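> Would you mind keeping the following structure in view while I ask a few things?
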Amino acid sequence: MAENNMNIFDIVLLIVGVAAAFLGFQLINQAYKAESGQISWLMIIAIFSWLSLLVMFILLSVMVDVSKKELNELKMMVYMLSNSKKK
């Protein structure tokens, strides 16, 4: 009885996450080329911020998935309890 259907939120989260990963990498790469291959403190901060953003997208996706599974488990428990009280 597990439902693995993707809803609108999952699709939007996937699109925004992929776009953030791709655009962030491109912008950091352009900044690296503009500084002629030298890494500065601003580059390190930009890379750390970009990786932190990607980790937050991954954590958000995992949290939503876990909450869906918990909701399905709670629904199943309520259904089982209501059936056992009827008997």
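> Quick one: how many lysine pairs does the chain have with C-alpha atoms less than 30 Å apart and a gap of 8 or more or different chains? Give me the count, please.
Close lysine pairs under the 30 Å cut-off: 9.
> What's the magnitude of the charge dipole for the chain around its Cα centre, counting Lys and Arg as +1 and Asp and Glu as -1 at the beta-carbon? Answer in Debye, nearest 20.
Working: 7 positive and 6 negative charges, 107 e Å.
The dipole of the chain has a size of about 520 debye.
> Quick check: the angle from helix 41-86's long axis to the longest principal axis of the chain, C-alpha only, nearest 10 degrees?
It works out to around 0 degrees.
> Rg to Rh ratio, the chain, alpha-carbon atoms and Kirkwood radius? Intermediate values should be presented prior to the final figure.
Numbers: Rg = 21.3 Å, Rh = 16.3 Å.
The Rg/Rh ratio comes out at 1.31.
> Output the 0 to 90 degree angle, nearest 10, between the alpha-carbon long axis of helix 8-34 and the longest principal axis computed from the alpha carbons of the chain.
Helix 8-34 and the main axis of the chain meet at about 10 degrees.
> With r as the distance between the Cβ atoms of V16 and L71 and R0 = 25 Å, compute the FRET efficiency 1/(1 + (r/R0)^6) and round to 0.05. Mind showing how you got there, number by number?
On the way: r = 23 Å, r/R0 = 0.92.
In this case the efficiency is close to 0.60.
> Choose one of V64, N29, M76: the residue whose Cα lies farthest towards the positive end of the charge dipole of the chain (beta-carbon charges +1 Lys, Arg; -1 Asp, Glu; about the Cα centre).
M76
> Same structure, new question: Find how much the distance from K33 to V64 grows on full extension, using 0.36 nm per residue of separation minus their present alpha carbon separation; answer in nm with one decimal.
7.4 nm is the gain from fully extending K33 to V64.
Values quoted throughout were computed directly from the atomic coordinates according to the rules given, and no laboratory measurement underlies them. As the structure is a prediction and not an experimental result, all values here were calculated from the model. As a convention, Cβ positions derive from the backbone with ideal geometry for all residues, glycine included, and neighbour counts pool all protein chains shown.
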